[in-house]
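Asks: After the C-alpha cells below, expect a handful of questions from me.
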Amino acid sequence: MVQFIQRKKDYDQTLSEQLYSFFNEEFSPSSPIKRKYFCSELVVDCFVAIGHILPRAAVLYNSKVISPGALGRDPTFGTFYGYVTCVADYKVPETDEFFYKTTFNEIFGDEL
C-alpha cells in the first residue's frame, strides 16, 4: 500500500508532463502483461488486454495508480449493481459512497 501511495503521488505530480509526452507522440504505455498485480491493477490491465481501454489511454488509466475505490467511481468499469450480503433485510446506510449513485437497473431496467 505504501508503494501505491507513492506511485499515485508521483503520477499526480507528473501528469502534465505525461500528457505533454502523449500529445507529442513520445508516450509509450507499459504492457498490461505482468508477473504480479494489485487487485484493481488486474482489472484495469484486463480492460486494456481485451481492448475495452486502448493501451495509449494508459496516460489516464495507469493501472498502477487506480485504487479499488476509483474503479467504483469510474463508469468506464461499469455501473453499480448492488451489494452481496447474507444478512436478511440488510439496509445500506445513506452515508455509503454508492447510496445515491445511479444503479445498473435504473440505467438498463430490470429486464437485462
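Asks: Considering each of Ser30, Ser21, Ser40 in turn, give the residue that is over 16 Å from Ser63 (Cα atoms) and surrounded by 13 or more Cβ atoms within 10 Å (Cβ to Cβ). First the steps, then the outcome.
Replies: On the way: Ser30 fails: over 16 Å from Ser63 (Cα atoms); Ser40 fails: over 16 Å from Ser63 (Cα atoms).
Of Ser30, Ser21, Ser40, the one residue that is over 16 Å from Ser63 (Cα atoms) and surrounded by 13 or more Cβ atoms within 10 Å (Cβ to Cβ) is Ser21.
Asks: Does Val48 fit the bill of being outside the structural domain of Glu97 (by TED's automatic domain parsing), in contact (Cβ under 8 Å) with a residue 40 or more places away in the chain, more than 24 Å from Phe98 (Cα to Cα) and hydrophobic (A, V, I, L, M, F, W, C)?
Replies: Values: outside the structural domain of Glu97 (by TED's automatic domain parsing): yes; in contact (Cβ under 8 Å) with a residue 40 or more places away in the chain: no; more than 24 Å from Phe98 (Cα to Cα): yes; hydrophobic (A, V, I, L, M, F, W, C): yes.
Answer is no for this residue.
Asks: Follow-up question, since we're still on this one. Given Ser67, Ser63, which one is within 23 Å of Gln18 (Cα to Cα) and touching an Asp or Glu at 6+ places or on another chain (Cβ under 6 Å)? Working first, answer last.
Replies: Working: Ser67 fails: touching an Asp or Glu at 6+ places or on another chain (Cβ under 6 Å).
Selected residue: Ser63, the only one of Ser67, Ser63 that is within 23 Å of Gln18 (Cα to Cα) and touching an Asp or Glu at 6+ places or on another chain (Cβ under 6 Å).
Asks: Another question, then. Among the residues of region 46-95, write down those that are touching a helix residue (DSSP H, G or I) at 6+ places or on another chain (Cβ under 9 Å) and in a loop (DSSP other than H, G, I, E, B).
Replies: His52, Ile53, Leu54, Leu60, Tyr61, Asn62, Ile66, Ser67, Gly78, Thr79, Tyr81, Gly82
Asks: Restricting attention to region 25-35, does a residue exist that is in a helix (DSSP H, G or I) and basic (Lys, Arg)?
Replies: Going through region 25-35, the residues in a helix (DSSP H, G or I) turn out to be none.
The answer is no; no qualifying residue exists.
Asks: Okay, moving on. When you go through Tyr90, Tyr83, Tyr100 one by one, which is the residue that is at pLDDT 85 or above and outside the structural domain of Pro29 (by TED's automatic domain parsing)? Give the derivation first.
Replies: On the way: Tyr83 fails: at pLDDT 85 or above; Tyr100 fails: at pLDDT 85 or above.
Criteria check complete, one pass: Tyr90.
The values are calculated or read from the model by the stated rules, or taken from the named source; none is laboratory data. Predicted, not measured: the structure shown is a model, and the values here were computed from it. Glycine also receives a Cβ, built like all others from the backbone with ideal geometry; neighbour counts cover every protein chain displayed.
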